[in-house]
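Below you'll find the structure, written out as structure tokens, and then a few comments.
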Amino acid sequence: MSDITSFRDAIEAFITTRGWTPTRFGRQMAGDPLFVFDLREGREPRSDTRTRILKAMQEQAEAPAAAPLRIGVAGLGNVGATLVRILQKDATELTRKIGRQVVVTAVCARSRSKDRGIDTTAVEWFDDPVALAKSDGIDLFVELIGGEDGPALAAVRAALEIGRPVVTANKALLARHGVALARIAEDNNAQLGFEAAVAGGIPVIKTLREGLGSARIARVYGIMNGTCNYILTRMGNEGIGFAECLADAQKLGYAEADPTFDVGGFDTAHKLSILTSLCFGCEIAADQVFVEGITSITQADIKVAADLGYKIKLLGIAQRSADGIEQRVHPTLVPKGSAIAGVDGVMNAVALETDQVHELLLAGPGAGGPPTASSVLSDIFDIARGTRVPPLGVPSHELTPYQQAPMKAHAGGYYIRLNAKDVPGALAAVASRMAGAGISLESVIQRPDLRVTDATQSNVSIRTIVLLTHSTLEQSVREALALIAADGFIVGEPQLIRIESL
């Protein structure tokens, strides 16, 4: 057997035994990712190159194996159990990819007897997540308990304060305490990963922290709650009401028994505040997000939007201007031809507008066990490989104070639905007030099929009027609506939905 044949056989045996890819071998051993491919095609490297590579292979074989990464998981709900299942089932493949074993050695959950479809016989159980976070038997703490305070906060702080890396999917925790936790992590040289906290399986956090280079972001917006997107999609596709769609979402497990956090827009607001910090280098300001939910959306709104070439989506939007940063969550009319309009069902999407990449859209499953667990696993991979980035993209002491831009200065077109008394002069009064506020109306729509029956008044007939404005200031619209209400010609609260140019 020739020397070159023996050399090729040695390399193939090395790759097979260790489960390496040819690219990894070429990059790590030869300094050329294509080395193995060229060798397989008949290329004969010089003798000194062969000697150098054989020596590197020998040193690799003699080097002590990297110690396993021992993981403690607090919270064995849908995401936690799925994560443990993946780590157990795919242990060999994960070791091959990372270069070291990843082993769940300890867990914490409310019930030890519940069947979660995972093997926990060989792991240590803890009743207290703080004790787990401090345990000498783990190298990395994964928090999947949930909640912005209480055990979740105490356990994450405990781990970071002793320099232990933490991975969490807890957006409420980060929205409330993210800046403080980032400082603790940096002070103690610990890593803090939270890819799963925003948009489930979509790698938006990694993209913002590592993938955009020097690109300057002007606006971030997206669909960040699968429950709301499911409801609005069903309302648009099937012509059914909000209450019926919500009940179906609860039966399917897409909505909680108390859905307020989702349909009220608060879940989206938490996620948006985290993205705002990463996009604009400011402190997280979850309490400075303007929030409207989707509970007031009716079939009248869905029908008119569709007839005019729009869909209604609950969007979280943050943008920077000379006046500061604006954060808002609300139902929005988006053009049917836009990329975001095509994101339906329980899917999520986040769009980034930058000076170098005009628009980047990241879309995928935004919730559920496997997608969220895959994002948790992504952070575990980074920590196992030694990847280090500041939790919020820049060191916490470089984050600027959040400066809120005035929400009511937002300019754009508006959809306005009014329940007006069917009396002489009502429509003229509405039009007069709009004109007096300098608001130009693109169209006025009155159709019998748009009647909204949730507004009634004895002995007075009610008709539904829909107004579409040209671009104007929100402050002007709200002032005009206040005057219209004072005139006594409308019943109930007007519906105001912004039209976004995407």
Requested in this report: Check Thr105 against each of (1) farther than 29 Å from Val167 by Cα; (2) at pLDDT 90 or above; (3) of a type in the set (S, T, N, Q) and name the one condition it does not meet.
Outcome: (1)
Query raised in the report: Within region 120-134, which residues are under 26 Å from the mean Cα position of the chain (by Cα) and either modelled with pLDDT under 90 or closer than 18 Å to Gln191 by Cα (or both)?
Result: Ala133
Query raised in the report: Among the residues of region 178-196, how many are surrounded by fewer than 24 Cβ atoms within 10 Å (Cβ to Cβ) and either more than 20 Å from Thr372 (Cβ to Cβ) or within 8 Å of the chain's Cα centre (by Cα) (or both)?
Result: 9
Query - Flag if Gly117 is in the same structural domain as Asn188 (by TED's automatic domain parsing), of a type in the set (Gly, Ala, Ser), farther than 25 Å from Phe261 by Cβ and part of a loop (DSSP other than H, G, I, E, B) - result: yes
**Report entry** Answer from Lys313, Lys336, Lys303 - the residue that is over 20 Å from Gly178 (Cβ atoms), of a type in the set (D, E, K, R), modelled with pLDDT of 95 or more and not assigned by TED's automatic domain parsing to the domain that holds Ala91
**Finding:** Lys313
Query raised in the report: Filter region 410-434 for residues that are out of contact with any Phe, Trp or Tyr (no Cβ under 7 Å at 6 or more places or on another chain) and farther than 27 Å from Phe290 by Cβ; which is modelled with the lowest pLDDT?
Result: Asp422
Query raised in the report: Restricting the search to region 291-330, which residues are among the hydroxyl-bearing types (Ser, Thr, Tyr) and either free of Cβ contacts under 8 Å to residues at least 60 places away in the same chain or not in a strand (DSSP E or B) (or both)?
Result: Thr295, Ser296, Thr298
Report task. Working carefully through the options Gly117, Gly146, find the one that is modelled with pLDDT under 90 and not charged (D, E, K, R). Result -> Gly117
Query raised in the report: Restricting the first residue to region 191-212 and requiring it to be more than 16 Å from Gly281 (Cβ to Cβ), which pairs with a second residue that is among the hydrophobic types (A, V, I, L, M, F, W, C) and modelled with pLDDT under 90 meet a Cβ separation below 8 Å and a spacing of at least six or different chains?
Result: Gly200/Ala367
Report task. Report yes if Ala81 is part of a helix (DSSP H, G or I), at pLDDT 90 or above, closer than 18 Å to Gly193 by Cα and touching a Gly at 6+ places or on another chain (Cβ under 8 Å), otherwise no. Result -> no
Requested in this report: For region 366-395, enumerate the residues that are outside any loop (DSSP other than H, G, I, E, B) and either of a type in the set (A, V, I, L, M, F, W, C) or in the same structural domain as Phe141 (by TED's automatic domain parsing) (or both).
Outcome: Ala373, Val376, Leu377, Ile380, Phe381, Ile383, Ala384
**Report entry** Pick from region 203-221, criterion buried (at least 24 other Cβ atoms within 10 Å of the Cβ) and not assigned by TED's automatic domain parsing to the domain that holds Ala349, ranking: nearest to Leu314 (Cα to Cα)
**Finding:** Val204
Requested in this report: Name every residue in region 1-14 that is at pLDDT below 85 and either closer than 15 Å to Thr49 by Cβ or surrounded by 15 or more Cβ atoms within 10 Å (Cβ to Cβ) (or both), in order of residue number.
Outcome: Asp3
Query raised in the report: Taking interchain pairs and intrachain pairs at least six residues apart, which have beta carbon atoms under 6 angstrom, with the first residue in region 466-482 and touching a residue at least 24 places away in the same chain (Cβ under 8 Å) and not assigned by TED's automatic domain parsing to the domain that holds Gln446 and the second surrounded by 18 or more Cβ atoms within 10 Å (Cβ to Cβ) and aromatic (Phe, Trp, Tyr)?
Result: none
Query raised in the report: Taking region 84-104 as the region of interest, how many residues are in contact (Cβ under 8 Å) with a residue 60 or more places away in the chain and not in a helix (DSSP H, G or I)?
Result: 3
Report summary line: Restricting region 197-214 to residues that are of a type in the set (Gly, Ala, Ser) and not in a loop (DSSP other than H, G, I, E, B), the one nearest to the chain's Cα centre (by Cα) turns out to be Ala197
Report summary line: Only unsatisfied item for Arg328, checking (1) surrounded by fewer than 21 Cβ atoms within 10 Å (Cβ to Cβ); (2) at pLDDT 90 or above; (3) of a type outside the set (A, V, I, L, M, F, W, C), is (1)
Query raised in the report: What about Ser378, is it surrounded by fewer than 21 Cβ atoms within 10 Å (Cβ to Cβ) and farther than 28 Å from Gln288 by Cα?
Result: yes
Query raised in the report: Is it true that Asp323 is modelled with pLDDT under 90, out of contact with any Ser or Thr (no Cβ under 6 Å at 6 or more places or on another chain) and either crowded, with 22+ Cβ neighbours inside 10 Å or acidic (Asp, Glu) (or both)?
Result: yes
Query raised in the report: of a type in the set (Val, Ile, Thr), surrounded by fewer than 20 Cβ atoms within 10 Å (Cβ to Cβ), under 25 Å from Asn78 (Cβ atoms) and in contact with a strand residue (DSSP E or B) (Cβ under 7 Å, 6 or more places away or on another chain) - does that describe any residue in region 122-131?
Result: yes
Report summary line: Over region 438-458, the set of residues assigned to a loop (DSSP other than H, G, I, E, B), hydroxyl-bearing (Ser, Thr, Tyr) and modelled with pLDDT of 80 or more is Ser440
**Report entry** Whichever residue in region 135-156 is crowded, with 18+ Cβ neighbours inside 10 Å and of a type in the set (D, E, K, R) and, among such residues, is farthest from the chain's Cα centre (by Cα)
**Finding:** Asp139
Query - Any chance Arg234 is closer than 30 Å to Ala131 by Cβ and either at pLDDT 95 or above or over 20 Å from the mean Cα position of the chain (by Cα) (or both) - result: no
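The values are calculated or read from the model by the stated rules, or taken from the named source; none is laboratory data. Remember, predicted model here, so these are calculated numbers, not experimental data. Cβ sites come from the backbone with ideal geometry, for glycine too, and all protein chains shown count toward neighbours.
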